[in-house]
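The values are calculated or read from the model by the stated rules, or taken from the named source; none is laboratory data. These figures come from a predicted structure and were not determined experimentally. Using ideal geometry, Cβ is built from the backbone for each residue, glycine included, and neighbour counts are taken over all protein chains shown. In case anyone asks, the SASA skips ligands and DNA or RNA and just uses the protein heavy atoms, side chains included. Shrake-Rupley method; radii C 1.70, N 1.55, O 1.52, S 1.80 Å.
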Amino acid sequence: MQASDGTDVDARIAELLDQETFAPPEEFAANALLSDPGVYAEAERDPAGWWARQAEDLDWFERWDTVLDDSEAPFYKWFEGGKLNASHNCLDRHVEAGRGDKVAFHWRGEEGEERDVTYAELLADVKRLANALRDRGIEPGDVVGIYLPMIPEVVVAMLACARIGAPHNVVFGGFAPESVRERMEFSEAKALITVDGARRKGKTAPVKAAVDGFLDSLPAIETVVVVRNAGDEAPMTDGRDVFYDEALAAADPECAAVALDAEHPLFVLYTSGSTAKPKGILHTTGGYLTGVAYTHRALFDLQPDEDVYFCSADVGWITGHSYIVYGPLANGATSVMYEGAPDYPDKDIWWELCERYGVTLFYTAPTAIRACMKWGVEYPRRHDLSKLRLLGTVGEPINPKAWVWYHVVIGGERCPIIDTWWQTETGHVLISPIPGITATKPGSATRPLPGIDAAVVDRDGNELEDGTGLLILRRPWPGMLRTLYKDPERFKETYFSKFGPTTYFVGDAARRDEDGCIWVIGRVDDVINVSGHRLSTAEVESALVSHPRVAEAAAIGQADDDTGQSICVFVTLEGDQDGDDDLVAELREHVATRIGKLARPKRIVWADDLPKTRSGKIMRRLLRDIAEGRELGDVTTLRDPSVMAELESKVASRRDDADA
Ligand code: PRX
C-alpha cells in the first residue's frame, strides 16, 4: 500500500516515527483562523477579560456585570448578572440570521438511511418538545433524563430542556438499565426521554421494556416520552408515557427561549470517580457555552460556511455534549452524525461518510484509531478523503505509532492533528495544540490553551519545569464544573483539597518536557480508562460482589494495546469453591447487566485472598504489578505478604497456558 508520496505506508510510518515535532502544515497555517502566537500573551495579561471577549460572540439577552466572581472559591461564578439561553444560541440566532435552511446534521442510520436536519427543523421540533415538557409540569430546575441512541431526537431533547431551563441528564445508550435507574434516582429526575428500541449492528434492543423494569421504583418520574425508532411495540403506561411524535403534534409550535441566568444549570452528567457512586458533574450555561463555542471554533479552525465536521463520539459522553451538540451548534456548523458502530455495516463506514458528505474536520479517540490500524489501510483507501484538512483526538493518551498512522493514512500528511486533553469536569478542551500555531509532538497534547494555567507538580505541590508529576490547574476557566450535583462537600474534597482551595486537582499524572509540552500519562486515582471511557474500580467491584458466589473483588486497569487500558479483576469466591470458565462467562455477563458491556472485565483471576494493608485496604498497585508481569513494588505494608507469592504463581501459570 502506498503513502501519499508514493512510498510504502509502513516504511513511511517507520520514517516519521523518528520525527520529534511536526510544524503546522504551511498551507493550513497560511489560512488558519488563529496564526498569531501572541494570543497566549494577550490572554495571560488579563485572563478574565480575555474570556469575556470570547463570551461576546454569544447572543446575550442581558450582558453580565461581573466576568468572574471568585469570592466563594472554589464555587466560582462566571458572567454573573448575564442572561442567555443555550438553545437560542444554538438555533434561533442562526435561523434569525437567515441560515435556517443550513444543514445542522447529516444523519446516517445503521441501515444506510439518510436524513438532513436543518437548523430551522431542529428549532421547530425543539420548541414543540419544550412545550410538551412544560405541559407535563416540567419547570426550570427540574432534571430531565435522556436515554437515547445516536439519532437527531437526542439533540432536540437536550436543546428542548435547555430552552426551558430544565437541566438534562443524558445517560450513554450503552449503559445497562440499572445504571440508568441509579442516575435518574441520584439526580431526582422528573421525566425521561427514551426510545422504543435501539439498533446495534443489525439487531434491536427493546429499550422501553427494559426501562419499564425500573420505572415503578422511581415515582418521581411522572412523564416518559418515547421516540419511535426501531418500530418495536413499546409497552406504554397511560397517563405517564407518551410517544414523542404525538407529544410534538399536540404541542404549541411557539415557545420563546427563557432568559436564564448565566449560572443556571445546563446539565448534569454522571462520570466515574473513585467510589462506586458516580459523580454528577454539574455544568452551567454562560461559561460552559463560551468555552465550548470558543474552543470548537479555535481548535477545529472552523469556517462554518465551508467545513463539514464529524465527531465520532456518542452524545452520552462529555465529548458528545460539548463537541457534537453545544459547540458545533453554537457556531452554526454542519456536522455528520452516525447512528451505528465504527465497523457496521463494514469497517469503512466512517470513511464512506467522510467521502459522502465531504468531511473536512474529523475528531475521534485513540482507541478507534488503533482499531482502524488493526483493520488495515484498505478500508480508508476505499474512499476519497482528500477534503479532510484537520484531525483531532480525545479521551486518552495517543501512542506515537497510532498518531503517525492517523497522520499518514487518514490525514494524507497534510492535516494537522490536535490532541485535545480535557475531562467531563473541565467542560471543554484545556490543553491542545492550536493548529495554525503549535508544532505538535506525537503523544503530547502540547500546551495549555490561552488563559489556562496548567502545571505539573510533585506531591508537595512544587512545580516541575521538566519532569513527571501530577497535573493541576491553578486558575478557574469558564466551562469548569460548578459542583457535584447535590454534593458540594464531595466536590471540594475531590478537586480542591489536595493543593488548596483554589487549585484544581486533575487526577492525572503528566510529564512536562523541556519545551513546556505536557504529556498526559493517565489517571492516578482508582479510575480505569477503557477505550477513552471512564470507569471506577469501585463500581466494577461492587457489581461483582453483588453476585452470590463472589466474596470479594479487586479491579485494576491493566495496560492494553487495543483499548489503552482493560479491566482485570481479582476475585475471591464464597466458601472453598474454585472458579471455572463458566463462572468467568457468568461474572462478565453479570457486570454487563449491572453497568453495561463496556465494564465487562477482560480478565478474571481467581484469588484465595487479596493483598491488603494492615488496615484492610486492597493494594491495587501490587495487583497491577502482578497483572502486567512487573517486579513487585514495596510489599512491606502488607498484612500477609505470602498472598502475593500465591497470586503471582497463578497469574504466571495462566500466562504460560496462554503462550502454549
Ligand atoms: O486521564 C485523562 C483522559 O481522560 C480523562 C477524562 O475522562 P472523561 O472525563 O471521560 O473525558 C474524556 C473526554 C474528554 C482525563 O483525566 N484524557 C482525556 N483526553 C486526553 C486524556 N489523556 C491523554 N490525552 C488526552 N488528549
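At-a-glance table
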| item | result |
| --- | --- |
| Estimated distance in nm for a label pair at THR21 and ARG474, the labels positioned 7 Å out from Cα along Cα-to-Cβ | 2.3 |
| Given LYS203/LYS374; LYS127/LYS597; LYS127/LYS208; LYS77/LYS498; LYS83/LYS190; LYS279/LYS617, the pairs whose alpha carbons are separated by over 31 Å | LYS127/LYS597 |
| Highest to lowest packing among 537-548, 140-151, 234-245, scored as the average C-beta count within 10 Å | 140-151, 537-548, 234-245 |
| Calculated FRET efficiency for the pair ALA509/ASP8, C-beta based, R₀ 25 Å, to 0.05 | 0.10 |
| Chain lengthening between GLU463 and VAL635 when straightened (0.36 nm per residue, less Cα-Cα) | 58.9 nm |
| Sequence-distant residues sharing a close amide H with ARG200 (under 5 Å, placed H) | ALA205 |
| For VAL605, distant residues with modelled amide H under 5 Å away | VAL569, PHE570, VAL571 |
| ³J(HN,Hα), Karplus 6.51/-1.76/1.60, whole Hz, each residue of segment 262-275, x for Gly, Pro | 3, 8, 5, x, 9, 7, 10, 9, 7, 9, 7, x, 8, 10 |
| Within segment 383-409, backbone nitrogen closer than 19 Å to the virtual label 7 Å beyond the Cα of GLU306 toward Cβ | 385-392 |
| Relative contact order (%) - segment 86-258, alpha-carbon pairs under 8 angstrom, separation at least six | 23 |
| Amide H partners (placed H, <5 Å) of VAL530, local residues excluded | LEU535 |
| Computed label-point distance, nm, for sites ALA341 and ASP581 using a 7 Å Cα→Cβ extension | 2.2 |
| Sum of -39500 (n - 2.57) over DSSP H runs of 4+, divided by residues of the chain (222 nm, nearest 500) | -8500 deg cm²/dmol |
| For segment 225-241, 3J(HN,Hα) per residue [Karplus equation, 6.51 cos²θ - 1.76 cosθ + 1.60, θ = phi - 60°, Hz, x = Gly/Pro] | 9, 10, 7, 7, 10, 9, x, 7, 6, 9, x, 10, 9, 4, x, 10, 9 |
| DSSP bridge pairs, segment 526-659: antiparallel proportion in percent, nearest 5 | 80 |
| LYS374 versus LEU33: modelled label distance in nm, points set 7 Å from Cα along the beta carbon direction | 3.5 |
| Of every Cα-Cα pair in segment 294-401, the percent that sits beyond 22 Å | 27 |
| Using θ = phi - 60° and Karplus 6.51 cos²θ - 1.76 cosθ + 1.60, couplings along segment 183-199 (whole Hz; Gly, Pro as x) | 5, 5, 5, 4, 8, 6, 5, 9, 9, 9, 10, 9, 10, 5, x, 10, 9 |
| Surface accessible to a 1.4 Å probe, per residue, for the residues of the chain, Å² | 38 |
| Computed E for ILE521/GLU42 - FRET, C-beta separation, R0 35 angstrom, nearest 0.05 | 0.70 |
| Within the chain, percent of DSSP bridges classed antiparallel, to nearest 5 | 60 |
| Unit charges on C-beta of K, R, D, E only; dipole of segment 312-447, Debye | 460 |
| Over segment 526-659, relative contact order from alpha-carbon pairs under 8 Å, at least 6 apart, % | 20 |
| Nearby aspartates and glutamates by direct alpha-carbon distance to LYS492 (threshold 20 angstrom, same-chain neighbours under 8 apart not counted) | ASP69, ASP70, GLU72, GLU263, GLU425, ASP453, ASP460, ASP508, ASP525, ASP526 |
| With 20 Å bins from 0: P(r) over the chain, alpha-carbon pairs, percent | 18, 53, 27, 1 |
| Cβ-based net charge around LYS347, under 11 Å, with every Lys or Arg adding one and every Asp or Glu removing one | -3 |
| Carbon plus sulfur fraction of accessible area for segment 86-258, probe 1.4 Å, in percent | 48 |
| Centre separation in Å (Cα based) which lies between segment 73-122 and segment 443-508 | 30 |
